[in-house]
Amino acid sequence: MLRSLFFISLLGSLLLSAQEKTPAELDAHLRELAPRLVESTIAIFLGGGSGSGVIVTPDGLVITAAHVTSKPGQSVKVLLSDGRELPATSLGADHETDGALLQINSPGPFPFRPYVKEKTYKVGDWAIATGHPGGPIIGRPSPFRLGRILADGVGSGFADPITTNATVISGDSGGPLFNLNGEVIGINSNILMPWTGNRHVPMPSIIAKWDALMASEMIGRPSQSAMPQFEELFDEPYRDLRKEFLEALDARPADDTEARELRERPYILDPHHMQGLLDRWAPKEEGEKIPFLGLKLDLHKITQALITDITKGSPAEKAGLKKGDLIQALDGKTISSPTDFAFALKSLKETTSIQLTTNRAIVTLTPASVPERRHFPMPVAGLIPMMISDGQVESPPSIRKLTREFLAPLQPLQEKFNRSVMPIYEGDQLLTHATAITRNQLITKASEIEKKENLVIRFEEKDYLIRVVTTDEKRDLALIAVDIEGLEPIKLTAPEPEVAALVFTPTSRGLLPGVITQPSRSSPASGFELNVESDQPSAYVGISFTGDDIQPTIQTVELGSPADTAGFLEGDVITHFEGKEIESIDDLGKALKDFAPGQKVRFQLKRDEEEIKISLILDVRPAPTTDKPNRAALMRDRSLSSLSKRGGKLSKRRNDFPRVIYHDQLLPITETGTPLIDHEGNVLGINIARSLRHRSLAIPVSEVLAFYREKLSRGRQTD
Amino acid sequence: MKSLLLSLCLAATASGDFLLPAWTAKEENVIQTLTTKHTPDLRKSCVMVGRLGLSEIRTAVFITKNGDLLAPYLEPIDGDDEAPYLLYLPDGSRRLVDVIEEKKERGIALLKTPLPEGHRAAPLAPDQSIISAHWFLYPVTAPIPKLSEPIAFAIDHLFPRPEPDAVSFVLESGMTNAGTPIFDLAGRLVAMTGPTDKETGRALLISRLAEDSEKLREILPERVSADLPPLPLSPALKEKEDDEEDKKKEAPSSPLSEARETFAQSLVPGAAPFAIIFNEGKAVTHSISAVIIRSNGFLLTKASELGPDLNVRYAGKTYPAALLATDEASDLALVSIDATNLPVIQWASPETLTAGTSLVTPILLQETSDEMVVSDSMALGTFSHQLDGNSPTLHAASEVTSLGIVAEQSTSEVRVASIGPDSPAAKTDLKNGDLITALDDKPVTDRASLTRLLSQKRVGTEVTLKIKRGEKETSLSLALTRPRLTPPPTGISMAANDLAMVPSVRRFGFEKAIVHTLPLNAWDCGSPLYNLDGQAIGLNISASSANRTLALPPSIIQAAIQRMLQSSNPF
């Protein structure tokens, strides 16, 4: 039995290495795969909100999350990747695992992805998440995000989920998690506060309830009443810790008086207390350690460190320290208060032996090492109904090792930028980075250095004062000059990257990996990026009608629109669309909803007395331009920021750029101003912001060059 | 009374541009006087309601002396639309109430039950009053109230909403629970909050609610007319720039409340005896407030939020800090820094605190786009009551009965999934997997029918269960017990409240606490609580739910400090 298990685990590790692709292979593979994954990802409109889903059969069966559909038999609208909006009905919903099914009520075939029926994934595997973060946005395909599996659960999305560092956020709920074969392995369910805590319903748990879900059964309580279940988690973020603690308490030997006393207490409320006891009973190797002597001090005494108690069996007891002893020095350093002692102990880096001077003796003792006080984050309620935060999720050492191995072939790239990317400091505080574009000029993030003086670039342990040449508010770029021997300018020639292309940022701690999430475009200011609203055709013709007229008489033809190109004229009356008679503007609106941008459609017009047939290719509806932020969009953007920044720092200026590259690196805010490169080392742009949980932004090369040229031309004018 | 109300808002309506009004002790006293005066009456017209099978408890208001009760619509569990509404009385008794009408889309239910003794119907405010008043009161129910715990009332600012829906109002605090009654400062019912829409919570005038409810029209007194006078234009809601917006994520902000906040700042002592403790966590910046209790650098704060690497920020300087002692009973901690001549907090125990008294807390930290930043703003709210942490919860005291089993959740029928180890059921032959088919000869078809049968029984009653085990049918008797208590829920509706607040890590289990309605977040705990005389009367210890905060009174604080001074944590 033992042997066979061992064999399986060996096989597992063999598979692991077999699957690992080189950066170049992975890049090519992802770019090829991406369109099919994005194509099968849909948005689901229900009530006032929206979620995501993935089509898994050609006739339109969708897997999504139970907290998106809430219950069986609901009529919902789905938005396909091609822009079509179709009616659908929710099938079964499993509120225990958060898996659910949905059927599109329209004849297919639809673009779909296969799904795994058993656990074919493991910790360390690459995984891809798609969905519609913040709801579907006009003109934005579902962003593509890459990560690795950090926990390979098979059960509920809450209790035993797949956890990845592929960043998802509200609106992604119900969207798919894919493996590198493009098969669905999980469904986005909920997130923890840290950016690396993205949790997905494992496919095997949905397969286990497949028949019930297909039969439109509801398992567990419906969405609203299901809340208490999540609220319990939310109420007691340390439930797992308490469980572990109680188990350990039960396992204490009968003669443990401390344990006996604890058993009589109804409830320990402080997580640190429970963790401290657990650490003592079953010490774990991982985590930071601090020195521990085992003595308590009298805090009444402000000017002396008087021992009031000695822990049994502690280093203090073994060294012969006694209650009532006055500590006067530690390693020769005078101790004249409990605070002094606390700081002196805290500053010990290694737990080698120390010397304590007391009023009675000088003793030498070796501190024990105990885990340092844990950090228990605040619970957070989020926009996704089940945003629950418990512990901190960090990539385990095994994942970090995999990442190091994966990046090893790219090591030369890291070195290539050593003399091109420079850190900018204000005193000892690192603000941002700058990238050399000439022998003495660098580009950086303007808002990080504005209103600051005496900024320096630190290079080979020397400080070089920088001078700001010019700044560009709209792109948040600054051109700075500095006198450093041997600055190597980068080449600004690369074209804009494709979706799913691997991208890297050279940082002082090595290359930071990520992937292009969506095509480059503008990044509007808060409240200016509009959601696709249900019941609004996304296909665009480019004509408008007189408001008070029922008959579809064209009043205006938008310049450059498909209608304009096809030769529509003002005053034309639309009589037929796709062979169907059109009697009113309403008729046309309804008919248009079934068509997607990119499709060719036929119109029949009446111009004066003449019948004209025109066909055109539908375009994507441009976002309406407004000069005031949209209130709903503003609320959404604020919520997304609020959620995001609880997991890490976001750049202060993090949107409102004319054109940016979108990627998913977990970019530290001080690593802006760095080049974003592809796997061959071509510079794609300059990192400009950590924007949200699921996105970082870079200014593309073309925009950097435009900035530089504008600066040069202005320079000439003034000359 | 009327003139007082008017004086409050004159400055506000003086011009279309909404000048920043002055706010002085006089204005604050008007608010305090009115709130204090009317809170006892409001408590008499409000009751706590729930629904069978739900743990949630909310506030409802009597609108007639015949016992017509305007309540929040409560979504029943398991889709059991027949589940009755329950009235919880402060003495722990509860009764079933009749449902006249449910309006889910409005978030309200019209119930009927005889007025309990000592209760009265809330007077209705004429619609016009909304024009002249800007401050309103609404009830904040404890997530799981303690026995005899009164209802707290929070003060808030309401904005008339711009067209097209000029009969609805936006609450400044962003409180979005549907079905909450809104009262004016004269203690009259004005509006009910509706379900969350995409933007923010809103309240609808009672007369507007009556427009689409015949039942409500029938019972409302005539003087509330459906013909609404034209409402004044909304004071321009301040649209702020992005970064500033982030600071105040609850959309609108009124010049009136800003003026009030400025006034509150003048109440707090010049040399501030409070500081910020921050620990740079590995991924999350965690911060908390603290008060200075000794001039040579001892600070008092909330223990359960402290992590490993502590730093103190005081008067623009950062000091490394050491954690010296913690006290679990009070969740307090002593932290020390290397500093001298710091101002020290002076605790005061005022003889009485009346419900409605204004209280102030300095807000030292604010969440912005990328981090917690130092802030110098103020939170205002009202004192509600003293809480006895040892008293049982209302649920526990109510006659809620249980078989002591947990049923399988995956089926609608009642199949035993687990049996409570100490329950009467454990002493019988009942086994996991048994199907319960009848209770006292009444058929049990699903969990809802069992819940309903149990609701008619008392704790300790002997009942007979008919069970099916495989093909075999048998019956057994057992005594009903109380349900096992799970940790108290937050009462924070994650669906509705979005990111309205971040609650504390530890929110309950305090021997004694002051309950007040200052809207605080987890990181605001550890800060002092002042009255309008600038006396420190407590230390905020638990951001418990939206607009409900607990503070420790000085007696509890002093006792905890003494315990900690006696002996530090082990080094």
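Coordinate-derived values only; no laboratory data. All values reported here derive from a predicted model rather than from experimental measurement. Note that we place each Cβ from the backbone using ideal geometry, even for glycine, and neighbour counts take in every protein chain shown.
Descriptive notes on the structure:
- Computed from Cα atoms, the angle from the helix A:271-281 axis to the main principal axis of chain A rounds to 60 degrees.
- With only Cα atoms counted, the stretch A:289-371 has Rg and Dmax values of 11.4, 31 Å.
- Angle between chain A longest axis and helix A:239-250 axis [Cα atoms, degrees, rounded to 10]: 30
- Residue-wise HN-Hα couplings along the stretch B:527-535, as the Karplus relation 6.51 cos²θ - 1.76 cosθ + 1.60 with θ = phi - 60° gives them from phi, are 8, x, 10, 10, 9, 6, 8, x, 8 Hz; Gly and Pro carry x.
- Ranked by how many other beta carbons lie within 10 Å on average, peptides A:243-254, B:135-146 from highest: B:135-146, A:243-254
- Shielding of peptide B:305-312 by partners, expressed as the average count of other chain Cβ atoms within 10 Å per residue Cβ, is 4.
- Mean per-residue shielding of peptide A:634-642 is 5, counting Cβ atoms of other chains within 10 Å of each Cβ.
- Taking the empirical scaling 2.2 N^0.38 Å for compact globular proteins as reference, the stretch A:406-500 has a Cα radius of gyration ratio of 1.15.
- Scanning residues 5 or more positions from residue B:69 or on other chains, those with amide H under 5 Å from its amide H are B:63, B:111, B:112, B:113, with H placed 1.01 Å from N in the peptide plane.
- Global form of the stretch B:401-479, assessed from the alpha-carbon gyration tensor, a/c cut-off 1.5: rounded
- Local net charge near residue A:82, Cβ-Cβ under 12 Å (Lys/Arg +1, Asp/Glu -1): -2
- Proximal lysines to residue A:600, defined as alpha-carbon separation beneath 23 angstrom and excluding residues fewer than eight positions away on the same chain: A:580, A:590, A:613
- For chain A, adding -39500 (n - 2.57) for each run of n ≥ 4 DSSP H residues and dividing by the number of residues yields -7000 deg cm²/dmol at 222 nm.
- Ordering of A:694-702, B:316-324, B:344-352 by packing [mean C-beta count within 10 Å, highest first]: A:694-702, B:316-324, B:344-352
- Shape index of the stretch A:66-122: Rg/Rh, with Rg the Cα radius of gyration and Rh the Kirkwood radius from the inverse mean 1/r over Cα pairs, equals 1.02.
- Cut-off 13 Å between beta-carbons: net charge of the residues surrounding residue A:463, Lys and Arg +1, Asp and Glu -1: -3
- Scattering curve values for the stretch A:539-620, log₁₀ I(q)/I(0), Debye with Cα scatterers, q = 0.15 Å⁻¹: -0.45
- For the peptides B:474-480, A:29-35, residues were scored by their other Cβ atoms within 10 Å and the scores averaged per peptide; the highest-first order is A:29-35, B:474-480.
- Computed from backbone phi with θ = phi - 60° and the Karplus coefficients 6.51, -1.76 and 1.60, the 3J(HN,Hα) list for the stretch A:78-89 is 10, 10, 7, 5, 7, x, 6, 10, 10, x, 8, 10 Hz; x is used for glycine and proline.
- The share of alpha-carbon pairs in the stretch A:626-676 lying farther apart than 16 Å comes to 54%.
- Amide H to amide H, with H built 1.01 Å from N, residue B:375 comes under 5 Å of B:365, B:366, counting only residues 5 or more places away or on other chains.
- With a threshold of 18 Å on the Cα-Cα distance, the over-threshold entries among A:77/A:593; A:122/A:209; A:77/A:628 are A:122/A:209; A:77/A:628.
- Residues of type lysines that residue B:146 reaches as a straight line, Cα spacing below 28 Å, ignoring anything fewer than 8 places off in the same chain: A:243, B:37, B:44, B:65, B:112, B:302, B:457, B:512
- 10 Å Cβ neighbours from other chains, averaged over peptide B:558-571: 5
- For chain A, the spread of Cα coordinates along the three principal axes comes to 115, 77, 52 Å, biggest extent given first.
- Relative exposure of B:510, A:144, A:292, judged by other C-beta atoms within 10 Å (fewest first): A:292, B:510, A:144
- Counting only residues at least eight positions apart within a chain, or on another chain, the lysines with an alpha carbon under 17 Å from that of residue A:416 are A:491.
- Compared with the dominant Cα axis of chain A, that is its longest principal axis, helix A:631-645 is turned about 30°.
- Pairwise label distance in nanometres, residue A:25 with residue A:702, each label 7 Å out on the Cα-Cβ vector: 3.4
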